[in-house]
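The values are calculated or read from the model by the stated rules, or taken from the named source; none is laboratory data. Predicted, not measured: the structure shown is a model, and the values here were computed from it. Don't worry about glycine lacking a Cβ; one is built from the backbone with ideal geometry, like all the others, and counts go over all protein chains shown. In case anyone asks, the SASA skips ligands and DNA or RNA and just uses the protein heavy atoms, side chains included. Shrake-Rupley method; radii C 1.70, N 1.55, O 1.52, S 1.80 Å.
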Amino acid sequence: MTQRAEAAAGCLLGGAVGDARGLPWEGMARRRQKRMAAYLGESSLIWGRDMCSDDTDHACMVAQALAVSAGSPRRFVSSLAWRLRFWLAGVPAGIGLGTLLAILKLWLFVPPQFSGVRSAGNGPAMRSAILGVAFSESDPLLVMHVSACSAITHSDPRAQFGALAVALAARSAMRGEIAEEYLFHLERFAAPFGDAGKELVDLAQRAAASAAAGEMTLSFAASIGCERGVSGFIYHTVPVALQAWLKSPGNLEAAIESVVACGGDTDTLAAVTGGIVGAGVGRAGIPESWLARVWDWPRGARWIEDAARNAIAAADTRLPKPALYLSPFKLLGRNLVLLAVVLAHGFRRLLPPY
C-alpha cells in the first residue's frame, strides 16, 4: 500500500504527465496518429516540451479546494465553484461545452448544487481521482465530495457514477487491491444509480476480464464502440482507463501509452489513467524524464506535488491549509500561449501526410 501523501503526489503528477502526453494527439483517430507520428516525434507539443490542459487545471483546483475546506463538503464546493469561475476568466483552451455552460451559470450566481448541466461528458472523471486518495478511509466523505465535485458541472447520473468509479479506482490502486476487490467496491456503490450504475459495472467487469486476458487496450476500446478513438462520453473514457490500469497497474508509462494509442480524447483519457495508476505507484513511480518534458508554468511539478500533499494534510487533520499561490496574470499569459500553440498545432494537422 502506498502512503497517502505519496499516493496523492503520484496521482496529481501522474494525471499531469498523462494530460501532457495525450494533448498533442487529441482528436486524432488511430490511423491518423500513425501518419502523423513522424511529425510529432515523441509527442512533444512545442520545441521538445509538453504542456498541460484543462485536465490538470481541474485536478489542481480540486486539490486546492480540499486544502482550504479540510473535509467539509460545503466549504469544498464553495471553494471549487469560485476557482472554476476565475479559471474561465483566464481564457482556458479547449473547455468542454457542458463545463462552459455550467460555469456561466455559476457566474450568474446559480447555486453550485444546481449549476450542472444534463451531460454525461468526462469532465468530472478528470478531477475525481485525488478524492479517492484524500477520503480513502471514509466512504461517506468520499461519496459526498465526488457528488459535489461532479454535480457542479454535470448532473447526469452517468457522469456522477463515472467520477466515483475513478475515485474508487485511485483508492484501490493506492491500496494495492486486485481487480476483484475493486469490482466489489464498485458494485457496492452502484445501486443508487440504477441502470446507469449497472451499465458501468458491466463495462468495468469487461475491462477487468480484458486486462486479465492480456488484451491490448486499443482492442478493448474497439470492443465497446471506440474503434475510431475514445470519445468524451464518460462511459467510454472510464472503462478504457480502467482496462489500462488493471493491465499495467505498476507501469505508468505503459498504461498511458496504451490509452494514447487508442486515439480520440487522448488528453483526458491519459490524464484519468495517469491519475489512477499514479496513485498506485506514488511519486517515485513518475518518470523523471517525463516530468522534465512538461512545461506547465507557473505551476511546475514541484507546485503540483506540494498542492497534493497540502490537500492530504488538510483532509487528515481536518484543519484547513492555505491554498498555494498562483499569479492570475501569469496564468492568463500561460493560457494565451497554450491557446496559440494548440491552434497552430491544429492547423498543422490539416496538412499532409494524410
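So what is the accessible area of the chain per residue, in Å², with the probe set to 1.4 Å?
Result: 39 Å² per residue.
Most fluctuating residue of L326, L106, L246 in a GNM of the chain with Cα springs under 10 Å: which is it?
L326
Only Cα pairs within less than 10 Å get springs; with that Gaussian network setup on the chain, which residue of G14, G176, G22 has the largest fluctuation?
G176
When the accessible area of the chain is split by element with a 1.4 Å probe, what percent falls to carbon and sulfur?
Whole-percent figure for carbon plus sulfur exposure: 62.
Explain nothing, just compute: Karplus ³J(HN,Hα) = 6.51 cos²θ - 1.76 cosθ + 1.60, θ = phi - 60°, for every residue of the stretch 64-69 in order, whole Hz, x for Gly and Pro.
5, 5, 5, 5, 7, 9
Using alpha carbons only, how many angstrom separate the centre of the stretch 304-354 from the centre of the stretch 101-121?
Using only Cα atoms to place each centre, the spacing works out to 22 Å.
Give, as a single signed number, the net charge of other residues whose beta carbon lies under 14 Å from the beta carbon of S69, with Lys and Arg counted +1 and Asp and Glu -1.
Cβ neighbours under 14 Å give a net charge of +4.
Between (1) 20.3; (2) 21.5; (3) 19.5, which entry matches Kirkwood radius over Cα pairs in Å as derived from the coordinates of this structure?
It is the one labelled (3).
Ordered by residue, what ³J(HN,Hα) values in Hz, to whole numbers, does the stretch 209-214 give under the Karplus form 6.51 cos²θ - 1.76 cosθ + 1.60, where θ = phi - 60° and Gly and Pro are x?
Karplus-based 3J(HN,Hα) across the stretch 209-214 equals 5, 5, 5, 5, 7, x Hz.
What number in nm² do you get for the stretch 1-158 if you take the convex hull of its Cα atoms and divide its surface by four?
Projected over every direction and averaged, the Cα hull of the stretch 1-158 covers 10.7 nm².
Out of the chymotrypsin sites (Phe, Trp or Tyr not before Pro) in the stretch 30-113, which ones are loop residues according to DSSP with at most 11 other C-beta atoms within 10 Å?
Within the stretch 30-113, the qualifying chymotrypsin sites (Phe, Trp or Tyr not before Pro) (loop, at most 11 other Cβ atoms within 10 Å) are W47, F109.
So if I take the centroid of the Cα atoms in the stretch 132-200 and the same for the stretch 215-255, what is the distance between those two points in Å?
18 Å
Sorted from largest down, what three extents in whole angstroms do the Cα atoms of the stretch 152-238 have along their principal axes?
That works out to 32, 30, 21 Å along the principal axes.
So, with +1 on the Cβ of K and R and -1 on the Cβ of D and E, and no other charges, what is the size of the charge dipole of the chain about its Cα centre, to the nearest 20 debye?
Its charge dipole is roughly 860 debye.
For the stretch 224-354, just say rounded, prolate or oblate: build the C-alpha gyration tensor, square-root its eigenvalues into a ≥ b ≥ c, call rounded for a/c under 1.5, and beyond that prolate if a/b exceeds b/c, oblate if not.
In terms of gyration-tensor shape, oblate.
Using DSSP to define loop residues, name the trypsin sites (Lys or Arg not before Pro) in the stretch 115-187 whose beta-carbon has at most 12 other beta-carbon atoms within 10 Å.
Those that pass, being in a loop and sparsely packed, are R118.
Taking H placed 1.01 Å from N in the peptide plane, check which residues at least 5 places from G264 or on another chain put their amide H under 5 Å from its amide H.
Hits under the 5 Å cutoff: G27, M28, A29, V230.
Using 0.36 nm times the number of residues separating A209 and L319, minus their current alpha carbon distance, what extension gain do you get?
Taking 0.36 nm per residue and subtracting the Cα distance, the gain is 35.4 nm.
Run the reach check for K105 against aspartates and glutamates, Cα to Cα strictly under 17 Å, same-chain hits fewer than 8 apart removed. What comes back?
D156
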